[in-house]
Amino acid sequence: MPCSRSTRRRCSVPYRLTLAVQWAGRLLCWSLAAGMTTAATDLLLAPQAPWWDTVWPLPWYLTCLSTLAWAVLRACEKASQRPPDEDTLPNHWDQAA
């Protein structure tokens, strides 16, 4: 559940980081979809507008930036997770395959 104004002080940092990772992932997916759409438009319709040569690669630049942002945020999210204690690991994990 998202943080409300009254509980904003009690929100945990991992939740905020998880939320940032989710939004960066969504941005990555949507910018990739926009990039493929503009590439298909450029290939199939060959727009002659003077601004098209500037606009059509922008989603690809955004895809690169959002990929980097997602990777950094995801690495921070993984690093912030505490590994389980030895006492909480199942006993059968100690056995060799």
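Could you identify the single residue in Thr37, Thr63, Thr67, Thr41 that is within 12 Å of the chain's Cα centre (by Cα), part of a helix (DSSP H, G or I) and farther than 26 Å from Tyr15 by Cβ? After applying the criteria, what remains is Thr63.
Going through (1) surrounded by 12 or more Cβ atoms within 10 Å (Cβ to Cβ); (2) more than 26 Å from Tyr15 (Cβ to Cβ) one by one, Arg26 falls short only on (2). Among the residues of region 49-87, the one identified as modelled with pLDDT of 95 or more, exposed (fewer than 14 other Cβ atoms within 10 Å of the Cβ) and hydroxyl-bearing (Ser, Thr, Tyr) is Tyr61.
The values are calculated or read from the model by the stated rules, or taken from the named source; none is laboratory data. What you see is a predicted model, and the numbers here were worked out from it, not measured in a lab. With ideal geometry, Cβ positions are generated from the backbone for all residues, glycine too; neighbour counts draw on all protein chains shown.
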